[in-house]
Amino acid sequence: QVQVAESGGGSAQVGESLRLSCAASGSDFMLNAMGWYRTAPGKQREFVAATNNGGGSDYAVAVKGRFTISRDNLKNTVYLQMDSLKPEDTAVYYCHAEGGIGSTEVGYRYFEVWGQGTLVTVSS
């Protein structure tokens, strides 16, 4: 009933910036936490950044100070502004969202979804 789709990936040079977007779609749902993860070549998926309904955020040490996560609740969209890109940032970036499906009358059940990913390539 709920899905997310990433966009904004592409190629960039070291030091440049990219902005990723993740839009959630569906019906009768509310979003809570949304976040970004990435899988670099030959590595396991790792946490990048996350944000909750209250605007709080958390970042991986590797991206702290360079990446900024934000969200537009009216658009059900979360963004990842990536500045000062490094070759180590090269990876497929995945959006993750969680929340509830239902209504105030019946109640909500928990859900979580993953996007298909968007590729980011940083070259020097």
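Of note:
- Single unsatisfied condition, Leu20 versus (1) open to solvent by 60 Å² or more (accessible area, probe 1.4 Å); (2) under 18 Å from Thr118 (Cβ atoms); (3) not acidic (Asp, Glu): (1)
- Of the residues making up the stretch 57-77, those that are in a loop (DSSP other than H, G, I, E, B) and more than 15 Å from Tyr93 (Cα to Cα) are Val61, Lys64, Gly65, Arg66, Asn73, Leu74, Lys75, Asn76.
- Filtered residues of the stretch 46-65 (kept if surrounded by fewer than 18 Cβ atoms within 10 Å (Cβ to Cβ) and either modelled with pLDDT under 95 or more than 21 Å from Glu112 (Cβ to Cβ) (or both)): Asn52, Asn53, Gly54, Gly55, Gly56, Val61, Ala62, Lys64, Gly65
- Residue count for the stretch 66-103 satisfying the condition of being over 24 Å from Gly56 (Cβ atoms) and at pLDDT below 95: 2.
- Looking only at the stretch 69-101, and only at residues there that are of a type in the set (Ser, Thr, Tyr) and within 22 Å of Gln44 (Cα to Cα), the one that is least open to solvent (accessible area, probe 1.4 Å): Tyr93
- Number of residues in the stretch 104-124 that are surrounded by 14 or more Cβ atoms within 10 Å (Cβ to Cβ), under 30 Å from Gln13 (Cα atoms) and modelled with pLDDT under 95 equals 0.
- Output for the stretch 35-56, where each listed residue is part of a strand (DSSP E or B) and hydrophobic (A, V, I, L, M, F, W, C): Trp36, Phe47, Val48, Ala49, Ala50
The values are calculated or read from the model by the stated rules, or taken from the named source; none is laboratory data. These numbers come from a predicted model, not from an experiment. With ideal geometry, Cβ positions are generated from the backbone for all residues, glycine too; neighbour counts draw on all protein chains shown. Heavy atoms of the whole protein, side chains included, go into the accessibility calculation; ligands, DNA and RNA do not. Shrake-Rupley method; radii C 1.70, N 1.55, O 1.52, S 1.80 Å.
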